[in-house]
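To keep things clear, I will list the structure first and then write my remarks on it.
The values are calculated or read from the model by the stated rules, or taken from the named source; none is laboratory data. It should be emphasised that the depicted structure is a prediction, and the values quoted were computed from it without experimental measurement. Positions of Cβ are generated from backbone atoms using ideal geometry, with glycine treated the same way; all protein chains shown enter the neighbour counts. When the accessible area is computed, the model is the full protein with side chains, heavy atoms only, and any ligands, DNA or RNA have been set aside. Shrake-Rupley method; radii C 1.70, N 1.55, O 1.52, S 1.80 Å.
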Amino acid sequence: MTALGDWWRNRREPFEFPDEWRRMLEACVAPWDTLSADERERMEQLVLQLIVNKRWEATAGMAITDEMKVVIAGNAALLVLELGIEAYGKVGSILVAPHEVRVSGREFSFVPGLLTDGPVTLSGETSERGPVMITWNSVTREARHPEHGHNVVFHEFAHKLDLLDGVVDGTPPLSDPALVDRWVEVFTREYEAVGRGEGSPLLRAYASVNPGEFFAVVTEVFFTRGSELREDRADLYELLAGFYRQDPAKRTRIVRNGLRRE
């Protein structure tokens, strides 16, 4: 298969999203079967924009395949389905590593209030000016088990949305001051609850590292276990639904009731 970016740039005929790529999205983007036909079509266009307009790089001599681009772009596209590709204005390049990266010198730990400079294993990483780093083995493992609520692509690209205002603080840009106050109130309450061991059982302990990680972790759960999050933490769910302009729980309910989404 030719490289997607080269093929897209050189095409002369109207583009029709190939079935092979669509099958990749169906297999590795957990909420795919809950999307309407219109949502899927818009997702496909976002996937193409991410593939063509972002730089793709690899580590450890690994060659990036079309599958890697389609699957990572597909998961990233879901977050901005209603926000638009402009929300990824701070995503310059996407770096794909074959497996988790062991690093040292990180000043945080999973225990609130305790710092460590010991080795840390990363399945992904994001910074304001740097690339989004994603480990491919994490992507494929999590695609097989979406019920666990983990998704490294959702997590790292959520950081990029948080960074739109220049700081990772768990509060992405919000236009309504009253909404900002409500967001800070609810997110602070739930973040502190996780730190005390009293938070939602859907959120892993890593959410207590800092408010930015809390937002990224809860984004993972919102898109993978939305119905459960809405039942367990309705306030948190509604704020996320308002920000992302999506309602994963409603999508899931429609599919479970056997209704066709148009």
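Rounded to the nearest 0.05, what FRET efficiency do Arg189 and His99 give with R0 = 35 Å and r taken as the Cβ-Cβ distance? Could you check? Walk me through the numbers on the way to the answer.
Working: r = 36 Å, r/R0 = 1.04.
My answer for the efficiency is 0.45.
Using the Cα centre of region 13-102 as the reference point, and only Cβ charges (+1 on K/R, -1 on D/E), how large is the resulting charge dipole? Debye, rounded to the nearest 20.
Roughly 520 debye, rounded to the nearest 20.
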Notebook entry, point to check: Of all the accessible heavy-atom surface of region 132-262, with the other protein chains kept in place and a 1.4 Å probe, what percent is carbon and sulfur?
Noted result: 49
Item checked: Solvent-accessible area, 1.4 Å probe, carbon plus sulfur percent, for region 20-64 -> 44
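If R0 is 30 Å, what FRET efficiency do you get for Ala63 and Ser175 from their C-beta distance, rounded to 0.05?
Working: r = 42 Å, r/R0 = 1.42.
That pair, Ala63 with Ser175, gives E of 0.10.
In terms of the Cα gyration tensor, with a ≥ b ≥ c the square roots of its eigenvalues, is region 146-257 rounded because a/c is under 1.5, prolate because a/b exceeds b/c, or oblate? If you can, show how the numbers build up before the last one.
Numbers: a/c = 1.43, a/b = 1.24, b/c = 1.15.
Judged from the Cα gyration tensor, region 146-257 comes out rounded (a/c under 1.5).
Once the Cβ-Cβ distance between Asn210 and Ala234 is put in as r, and R0 is 30 Å, what FRET efficiency do you end up with, to the nearest 0.05? Let's see the in-between values first.
Working: r = 24 Å, r/R0 = 0.81.
So, using R0 = 30 Å, E works out to roughly 0.80.
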Notebook entry, point to check: Leaving out ligands, DNA and RNA but keeping every protein chain, what accessible area does Arg204 have, in Å² rounded to the nearest 10, with a 1.4 Å probe?
Noted result: 80
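Averaged per residue, what accessible surface does region 151-262 expose to a 1.4 Å probe, in Å²? Mind dumping the intermediate values first?
Values: 4980 Å² over 112 residues.
Value for region 151-262: 44 Å² per residue.
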Check: List the aspartates and glutamates whose alpha-carbon lies under 19 Å from that of Lys90, not counting same-chain residues fewer than 8 positions away?
Finding: Glu57, Glu82, Glu125, Glu128, Glu156, Asp162, Asp165, Asp169, Glu213
